[in-house]
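We did not get these values from a lab; they are worked out from the coordinates using the rules stated. What you see is a predicted model; the values in this text were computed from it and never measured. Virtual Cβ from ideal backbone geometry, glycine too; neighbours counted across all protein chains shown.
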Amino acid sequence: MNIFSQFEDYIKKILQGLDLNDDALKLLGRISAEPPRDTSHGDISTNAAMVMAKPAGKNPREIAQAIVEGLEKLDEVSEVSIAGPGFINLKLSDAFWIEHLATIYQSGEGYGRGLVSDGVRVNVEYVSANPTGPMHVGHCRGAVVGDALANLLDYAGFDVTKEYYVNDAGGQIDVLAKSLYHRYLEAIGDDVGKVPEGLYPGDYLIAPAVALVEEHGDKLKIMNEAERIVLLKENAIVSMMAMIKEDLGALNIHHDVFFSERDLHAKKDGKSTIDTMLQKMRDKGHVYEGTLPPPKGETPEDWEDREQTLFRSTAVGDDADRALVKSDGSYTYFAADVAYFQNKFDRGFKRMIYVLGADHSGYAKRLKAVCKAVAGDEAELDVLFCQLVKLMRDGEPFKMSKRAGDFITLREVVDEVGRDAVRFMMLYRKAEASLDFDFAKVTEQSKDNPVFYVQYAHARVASVFRQVANDIPDLDLSADSLAKADLSLLVDAGEVALVRKTAEFPRIIEQAARADEPHRLAFYLYELASELHSHWSRGKESPELRFINPKNAQLTLSRLVLLRSIASVIASGLTIIGVSAPEEMR
């Protein structure tokens, strides 16, 4: 249950009962009910009167007063007030919060699940690095953001497929095959010198080369070149994808689908997927033969003023029409992009999300144009861009060794600080904002290290349950016993505040899922952990507030329900992010 959506609905019903014109009622969707920035103002704040006033031709405070009168009739509301020109703040009764705590406890790690969608199919494509070597640190952020977003959408109720697009049809695969052949010649003992400029220099191709020698000996040297290049390509792609999957596995990232670009070009019954797409787009009027104007600015020497097959993407929101066929008759990357989106749409996805690096920022308009041309209004497409990550140590720029040849691998970073730290910190900024990843900060045990602070909150709850077994050995801690606890005993303001903060979780899930912003969840978990740690500290100064009270077993039981509810929400949030929820921390 999202209590903020619940009160938003209450407010909309009150407004629908007033004498408001149609122009005002059309704006009901803009009404919000959310926690006020200053908690002293109450539990929920709404902009309803401000939204309705102008189209209704009324004074906002007049509408606000009518809303207040309606809200005052609700048993859950203990106080309502109008602030400023017409904002409304309401405070909910402690009894409401305590009753809601029972709902949180009973829901367990399913609290807030499935509130946004009833199974709409969503395809989240992320990482999709060229299969030319191990994952490097530049791929890390997009990998984590994409995976956490997919988990978030799944939790929110969508039917999610995690997809990786394997770019295995471009010129970089030819370079990869040549690079592997160089290592193969080394492995059979030929003196081939250093890796030539333009080839991939990393040591990661040595093991696949040795495996080729073990299987084929020196036969590749005398093999027909066309046959050899096919064998090298296949072997290289399989080896690199195995390495990439292993690297992603270190981050607990596992895709459902690995879609090969080569499948789009492969002929079946004389036609490829791209051929079929091209015909569909011609039939819709999106493909034509024409010429493109020269690029803005200085015209490149190799620019050709020739008639070619073009995608009429300006008609569906793009900045320019796009070429589909190269001068040599082969298809462009853009043609493959269109065919790939068509394939996703044909597979039944109603929403497609692409998680890309900031260097692909120009792709948003063209991809949205493709969506419009292929699916019309039957599907939607979102593009997320992840900014660069700067590696730091103690606030200073830091360079690791480059065992891969010319870049820092994702695995090096994970091996040094651990999966949990990498995943949490990659989400502790908006994806569109640059991120400083400080190796020292993410491993220290302090409030300044968000991942430690949140995990420590979960571990602290577990420690209370271990301790209570010693302090009150006869206390029944079974689920049934906790479910029967008298929660009305929770009267301290700090305890009620913890319930309020925990109850924000469904709203965070909804907002983050609708906005494609998993970082909101990381921020929320830190805030919840901070509330718990602060209340814990109060117990050090005031023993009567401690979670375990040996003189009052029933109060202890009620406080354990609160703790278990908080821990369930933290565990759910960490699971979505892909971070462990430890029972102990040393």
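Taking one quarter of the surface of the C-alpha convex hull of the stretch 339-468 gives a mean projected area of 12.5 nm².
Converting phi to 3J(HN,Hα) with the Karplus coefficients 6.51, -1.76 and 1.60 and the offset θ = phi - 60°, the stretch 450-465 yields x, 5, 4, 4, 6, 4, 5, 4, 5, 5, 4, 4, 4, 5, 5, 5 Hz in sequence order, with x at every glycine or proline. By the count of other C-beta atoms within 10 Å, a proxy for reagent exposure, 370, 417, 160 are ordered fewest to most as 417, 160, 370. Computed over Cα pairs, the Kirkwood radius of the stretch 171-250 leads via Stokes-Einstein (0.692 mPa s, 37 °C) to a diffusion coefficient of 255 µm² per second. Between residue 271 and residue 436, residue separation times 0.36 nm minus the direct Cα-Cα distance comes to 54.6 nm. Within the stretch 500-524, which residues have the backbone N less than 20 Å from the label spot 7 Å out from residue 39 along Cα→beta-carbon, could you tell me? Those under the cut-off are 500-509, 520-524. Within straight-line reach of residue 219, meaning a Cα separation under 24 Å, sit the following lysines at least 8 residues removed in sequence or on another chain: 178, 194, 233. For a straight C-alpha distance cut-off of 19 angstrom, the lysines reachable from residue 58 (same-chain residues fewer than eight places away being disregarded) are 12, 13, 26. Helical content alone sets the calculated 222 nm signal of the chain at -15500 deg cm²/dmol, taking -39,500 (n - 2.57) per DSSP H segment of four or more residues and averaging over every residue. Under a 5 Å amide H cut-off, with hydrogens placed 1.01 Å from N, residue 121 pairs with 159, 350 among residues at least 5 apart or on other chains. For a straight C-alpha distance cut-off of 20 angstrom, the aspartates and glutamates reachable from residue 441 (same-chain residues fewer than eight places away being disregarded) are 394, 396, 412, 415, 416, 420, 527.
Relative protection proxy for 25-36, 176-187, from highest mean packing down: 176-187, 25-36 (other beta-carbon atoms within 10 angstrom). Evaluated with a Cβ-only charge set (Lys, Arg +1; Asp, Glu -1), the stretch 3-92 carries a dipole of roughly 300 debye about its Cα centre, given to the nearest 20. Compared with the alpha-carbon gap, the fully stretched path from residue 493 to residue 542 is longer by 16.3 nm at 0.36 nm per residue.
Considered as an equivalent ellipsoid built on the Cα gyration tensor, the stretch 528-586 has semi-axes of 25, 13, 10 Å, the largest given first.
Spin-label model, residue 575/residue 159: points 7 Å from Cα along the beta carbon direction are separated by 2.2 nm. Sorted on the mean count of surrounding Cβ atoms within 10 Å across their residues, most packed first, peptides 48-58, 213-223 read 48-58, 213-223. Extending 7 Å from the Cα toward the beta-carbon at both residue 484 and residue 218 defines two label points whose distance is 8.3 nm.
The stretch 478-554 and the stretch 69-117 have Cα centres separated by 16 Å. Start at zero, step by 10 Å, and the Cα-Cα distances of the stretch 3-92 spread as 18, 58, 23, 1 percent across the bins. A Cα-only calculation for the chain places Rg and Dmax at 29.2, 90 Å. Were the residues from residue 252 through residue 477 laid out at 0.36 nm apart, the gain over their Cα-Cα distance would be 77.7 nm.
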